[in-house]
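Here is the structure we will look at.
Nothing in this text is a laboratory measurement; each read-out follows from the coordinates by a stated rule. Treat the numbers as computed from the prediction; the structure is a model and nothing was measured. All Cβ positions, glycine included, derive from the backbone under ideal geometry; neighbour counts span all protein chains shown.
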Amino acid sequence: MKKTELKDKVALVTGSSRGIGKTIARELARQGCKVIVHGSRDSKALHSSFEEVRVLSPESIMVTAELSRPMEIDEMFSKIRTTFAGLDILTNNAATQNPSGVLELKQEDWDRVLSVNLKAPFLCAQHAGRMMRDNKTGGKIINISSVHAYDARRYYAHYSAAKGALETLTKSLALELAQYNIQVNSIVAGAIATELTPLDRQASFLTSIPAGRIGTTEEIAQLVAFLCSNRCDYITGASITVDGGLTLGFCATRPDL
Ligand code: NAP
């Protein structure tokens, strides 16, 4: 991809203090974006991610916002508005999880997961969409979803429900924002190696992935950058699965077939 395609675009990547978001922020910065590196709080991880981004893109900034608090989302967008006047790319990447059996799941845990993983992406898309519409710049919104939007996982009822709704939210946003030249797509991620889920995850799990390995954060980040480029201006409302074939169906879980 030509570096110039994303040159000087302003991009917010929620949850870019670590994991997949950190690599997305770095990739967008490498391709010339001014990146807003975000974390829930002022942490060593956030500063270190920001430093890596700033080396690549000196006009990048760092913000904190606890996404379960709508007021902090409002404040984050005020800061973006005063610093850059606009926003070209929003990647809704931040998410939380708190595994629990359905019969034991506490209401407060349900509410927290739904608020960080679903309501916050909606509020961020609303802020971003208004800025893109008012500035007549168009823009790109990428939601990072999960295979568990479609396939249930034990103890992840609230996480799956939020990701499932994020998938349909992606389509609703795409439908209404197309008139403003804003494209909204989602990436349905399978198992991706981060600091918390290393590449050498147990062999028994790897046999259920036809590709025979866990994905890398770079594989997600490069797709985000591609979806943000003008080569994808006619793609909207799409969900692109990046899972090494994990969800291809019954035969994917049966290496003997
Ligand atoms: P991660 O390493 O756990 O990082 C999560 C990020 O989200 C951090 O930057 C964290 O900020 C931020 N965050 C969490 N709770 C927040 C809150 N309440 N307010 C604000 N920020 C918050 O996650 P990841 O594994 O890279 O996952 C990134 C995305 O990919 C998520 O949407 C996840 O559902 C999706 N995904 C991941 C995998 C995988 O295998 N890793 C698979 C499928 C889908 P702090 O550092 O400040 O806490």
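With axes computed from alpha carbons, what is the tilt in degrees of helix 44-56 against the longest principal axis of the chain, rounded to the nearest 10 within 0 to 90?
It is inclined by approximately 60 degrees.
Quick check: residue separation of Glu176 and Arg213 times 0.36 nm, minus the Cα distance between them. What number comes out in nm?
Details: separation 37, 0.36 × 37 = 13.32 nm, distance 3.77 nm.
Result: 9.6 nm gained on full extension.
On a 0 to 90 degree scale, rounded to 10, what angle separates helix 19-30 from the longest Cα axis of the chain?
40
Can you give me the orientation-averaged projected area of the convex hull built on the Cα atoms of region 3-253, in nm²?
On the way: hull surface 53.4 nm².
Seen from a random direction, the Cα hull of region 3-253 projects 13.3 nm² on average.
Remind me, relative contact order of region 1-123 in percent, using alpha carbon pairs under 8 angstrom and six or more residues apart?
Details: 206 pairs, mean separation 31.6, N = 123.
It rounds to 26 percent for region 1-123.
Filter the trypsin sites (Lys or Arg not before Pro) in region 36-132 to those in DSSP coil with at most 14 other Cβ atoms within 10 Å of their Cβ, and list the result. Can you show the working numbers first?
Details: sites: Arg41, Lys44, Arg54, Lys79, Arg81, Lys106, Arg112, Lys119, Arg130; in loops: Arg41, Lys106.
Answer in residue order: Arg41, Lys106.
Report the local net charge at Leu12: Lys and Arg +1, Asp and Glu -1, summed over other residues whose C-beta lies under 13 Å from its C-beta. Mind showing how you got there, number by number?
Working: positive: Lys9, Lys34, Lys79, Arg81, Lys140; negative: Asp88.
Cβ neighbours under 13 Å give a net charge of +4.
Any idea how far apart Arg54 and Leu257 come out in nm if each label point goes 7 Å out from Cα toward Cβ?
With each label point 7 Å from Cα toward Cβ, the separation is 5.3 nm.
Can you give the relative contact order of the chain as a percent, counting alpha carbon pairs under 8 Å and 6+ residues apart? Don't skip to the end; give the middle numbers.
Details: 502 pairs, mean separation 46.3, N = 257.
This gives 18 percent for the chain.
At most 16 other Cβ atoms within 10 Å plus a DSSP loop assignment makes a site exposed; report the longest stretch of the chain without any exposed chymotrypsin sites (Phe, Trp or Tyr not before Pro). Each step should come with its number before you reach the end.
Working: sites that count: Tyr150, Tyr155, Tyr234.
No qualifying site falls inside 1-149, the longest such stretch.
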